[in-house]
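One structure is given below, encoded as structure tokens.
The values are calculated or read from the model by the stated rules, or taken from the named source; none is laboratory data. Note that this is a predicted model, so its numbers are computed, not measured. All Cβ positions, glycine included, derive from the backbone under ideal geometry; neighbour counts span all protein chains shown.
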Amino acid sequence: MVDNPYGIEHFWQQGDVITHTVAIILISMSVISWFIILLKAWQLLWLRRCAEVAETRFWHSKDFEEGVALLGGHKLNNPFRALAEDSVNSALHHEQNREDLHGALNMNEWLTSCLRRSTDNIANRLQRGLPFLASIGSTAPFVGLFGTVWGIYHALIGIGATGQTSIDRIAGPIGEALIMTAFGLVVAIPAVLGYNALIRAQKAMLVRTHNFAHDLHAYFVTGKRVTQKAVVNLRATPALKDAS
């Protein structure tokens with residue numbers, strides 16, 4: 001059986017340390033990007049289940065403690081449980097420590113500040129790994145291009161040393177060098193598509209966490225969850241008719 005004189009295996013055998021290093025870097029980028037994509041996708045699936053529980057079963061529980069237990073998980077991996085625990089802890093802390101500096105704030109302002117801080121922490125946790133995924137998507141093509149340029153340079157040096165300028169002596173090494181550019185695109189395209197998909201999904205999840213925080217705020221301030229916006233019919237309001 002005759003070995004193929006052209007291809008990835010031949011390119012690897014004829015490559016030098018720099019070529020091998022670039023290939024290993026691209027392989028590492030690909031493994032890391034797929035690990036982040038799969039990990040974040042699994043995390044978002046888990047958060048969707050948590051959101052469904054928070055939006056339905058939580059508000060149908062008999063008391064707040066039972067609702068928190070229904071949320072499940074831990075506050076570090078379940079943002080809805082984190083919001084519930086932070087809200088009740090903030091309300092109790094404000095009630096028990098009115099003489100402290102934050103006692104100058106009323107309950108509404110204090111709870112708003114605490115929930116905003118909690119949602120900011122949740123957003124930071126959800127975005128972990130995404131900057132690295134974006135970096136891979138933007139730099140992998142250039143890493144592959146560098147490998148191609150170096151491979152062409154290395155091939156031309158070899159052709160010049162042998163003095164053979166036939167088309168098969170030129171096309172083979174240069175074609176093998178172009179594999180690095182294709183490899184860079186293979187690494188970059190899934191990273192970019194995964195990054196964009198994860199960003200959209202996380203924005204939708206952050207909207208749901210903000211809505212849950214708004215319901216918690218309304219519950220502790222007014223004692224009732226805000227379920228829908230009140231629609232005021234201006235024409236049907238007698239006071240407005242008299243004023244007009």
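Filtering the stretch 12-38 down to residues that are loosely packed, with under 12 Cβ neighbours inside 10 Å and either closer than 16 Å to Val192 by Cα or in contact (Cβ under 8 Å) with a residue 24 or more places away in the chain (or both), which residue is farthest from the chain's Cα centre (by Cα)?
Start the filter on the stretch 12-38 by keeping residues that are loosely packed, with under 12 Cβ neighbours inside 10 Å, which leaves 13, 16-17, 24, 31, 38.
Checking which are either closer than 16 Å to Val192 by Cα or in contact (Cβ under 8 Å) with a residue 24 or more places away in the chain (or both) leaves us with 16, 31, 38.
Working: Asp16: 37, Val31: 17, Leu38: 11 Å.
Ranking the candidates gives Asp16 first.
Just name the residue that is modelled with the highest pLDDT out of those in the stretch 204-229 that are among the charged types (D, E, K, R) and out of contact with any Lys or Arg (no Cβ under 8 Å at 6 or more places or on another chain).
Looking at the filtered set, the residue picked out is Arg208.
Suppose the filter is closer than 23 Å to Ser28 by Cβ, modelled with pLDDT of 90 or more and surrounded by fewer than 17 Cβ atoms within 10 Å (Cβ to Cβ); does Ile136 pass it?
Considered against the rule, which asks whether it is closer than 23 Å to Ser28 by Cβ, modelled with pLDDT of 90 or more and surrounded by fewer than 17 Cβ atoms within 10 Å (Cβ to Cβ), Ile136 comes out as no.
Condition first: assigned to a helix (DSSP H, G or I) and surrounded by fewer than 16 Cβ atoms within 10 Å (Cβ to Cβ). Now tell me which residues in the stretch 71-94 satisfy that.
Matches in the stretch 71-94: Asn89, Leu92, His93.
Look through Ile189, Ile170 and report the one residue that is at pLDDT below 80 and either under 30 Å from Leu38 (Cβ atoms) or surrounded by fewer than 17 Cβ atoms within 10 Å (Cβ to Cβ) (or both).
Step by step, each of Ile189, Ile170 is checked, and only Ile170 is at pLDDT below 80 and either under 30 Å from Leu38 (Cβ atoms) or surrounded by fewer than 17 Cβ atoms within 10 Å (Cβ to Cβ) (or both).
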